[in-house]
Amino acid sequence: MFKQRSFTLIELLVVIAIIGVLAALVIPNLIQVRAKARDARRLSDLDQLAKAMELYFNDHNHYPIWESGCLETPNNPLIEGTPSSPAFFTSQYMAKPTGLKDPLPSKYCYYYKSDSTGGNFKIAAYLEKDTEKALNDNGTASNYYEVYQGPTGSGTAISLTNETIAQAMPGYLVSVCGAETVTFTYRGASVTYGIVLSQGKCWLDRNLGASQVATAYDDSAAYGDLFQWGRLDDSHQTRTSGTTDTLSSTDNPGHSNFIKAPNTPYDWRSPQNDSLWQGVSGINNPCPSGWRIPTSAEWNTERTSWTDGNNYNGAFASPLKLTAGGYRHCSDASLYSVGSDSFYWSSSVSGSVSYLVFNSSDAGMSTSSGSRAFGFSVRCLKD
């Protein structure tokens, strides 16, 4: 009688080991092949787009006009058209971009930018493996492959930076900051703020206490609250909070009043405490968990990146969309310079505290040994 022989435990372990070795050899190669295939498709897509752009130019004497964005962004000017720039995604030039997305649409997109008249355009895509093409395309963003055209035929006619494109990429914000929003308790209620990237740092998209992201430098709904330096979120920071003339001898005054301090050293706390607001675990840190008040150096790095002026126009045009929310005076608790000047606290202190200040004509970092009782704006930074 025939007796069927089964595998021994050792034989099974050997087979499993062989399968593991083969998988270790094959899977990485398969991943590489797929990435290269996606790059080839990206190059083909951008080539098709560039050719269709030339057809459009022949008909309208300009390229599609759009400040910038991902081509598949809903209702963008290339899809909907504008009075000065007819739609590009039509049967005449190219079908709608629903069929022309990056092969990894949850992470990347095809990024488009034109100048204000449509004389030049540029389209950029991220290449996973073919990095040499991105480095040698005579463009301005070394991490991205760029195709461009215009009267000069120059890759620098429209300047793009790695950070500008990266911030537009779907999934990039999550990969860097861990999320697109943060929910936390503020003034006793649950709030959700967005997150924005600037200079490689993750920032809240609005000032603490603001009800929305700013739509202008003087958007009152985006001014937010005005904190005294080093105080916790106890509602003293609301612009209409009550006041008291009694200084606090502790880090937590135990009330929600704005503490007036008309005499030197103009601090709500006596004696002063330089240890407040120092880092994510700092005493009285009003930011969400894992977030903190930026340092003077971090504020200055942000300020020097502004391209639309070293003033409140540049501040608003930045990814942070900063506002000119004014300040609250330490002597009488009145509001001053609302809509014209702004002051943002930093955590940096060495006897004097440092803060960002800007108005219609100038911006810079300032320090003062007698300003802690003033009410200034607060913007939080992810640690």
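Just one of the listed residues (G171, G188) is surrounded by fewer than 18 Cβ atoms within 10 Å (Cβ to Cβ), modelled with pLDDT under 90 and over 11 Å from the mean Cα position of the chain (by Cα), and it is G171. For the range 109-138, a tally of residues being small (G, A, S) and over 30 Å from P83 (Cα atoms) returns 1. Could you list, in sequence order, the residues of the range 222-243 that are surrounded by fewer than 16 Cβ atoms within 10 Å (Cβ to Cβ) and without any contact (Cβ under 8 Å) to a residue 40 or more places away in the chain? Within the range 222-243, T240, G242 meet the criteria.
Here Y327 passes the criteria (1) within 30 Å of G188 (Cα to Cα); (2) of a type in the set (F, W, Y); (3) surrounded by 23 or more Cβ atoms within 10 Å (Cβ to Cβ) except the one numbered (3). Every condition in (1) loosely packed, with under 11 Cβ neighbours inside 10 Å; (2) modelled with pLDDT under 90; (3) among the polar types (S, T, N, Q) holds for T73 except the one numbered (1). Filtering the range 19-36 to residues that are modelled with pLDDT of 75 or more and more than 30 Å from K107 (Cα to Cα) leaves only I19. Can you pull out the residues in the range 311-358 that are at pLDDT 95 or above, more than 19 Å from the chain's Cα centre (by Cα), of a type outside the set (D, E) and part of a loop (DSSP other than H, G, I, E, B)? Across the range 311-358, the qualifying residues are N311, A324, G325, H329, C330, S331, A333, S334, S337, V338, G339, S340. Per the conditions (1) at pLDDT below 90; (2) within 26 Å of S85 (Cβ to Cβ); (3) surrounded by fewer than 18 Cβ atoms within 10 Å (Cβ to Cβ), the sole criterion not satisfied by G150 is (3). Evaluate the following for G139: is it part of a strand (DSSP E or B), touching a strand residue (DSSP E or B) at 6+ places or on another chain (Cβ under 6 Å) and small (G, A, S)? Judged against the criteria, G139 is not a match.
Close contacts from the range 107-126, counting a first residue that is assigned to a strand (DSSP E or B) and a second that is of a type in the set (K, R) and surrounded by 24 or more Cβ atoms within 10 Å (Cβ to Cβ), with Cβ to Cβ under 7 Å and a gap of 6+ residues or different chains, come to K113/K122.
The values are calculated or read from the model by the stated rules, or taken from the named source; none is laboratory data. Please read these numbers as outputs of a predicted model, since none were measured by experiment. Here Cβ is always computed from backbone atoms with ideal geometry, including for glycine, and neighbour counts include all displayed protein chains.
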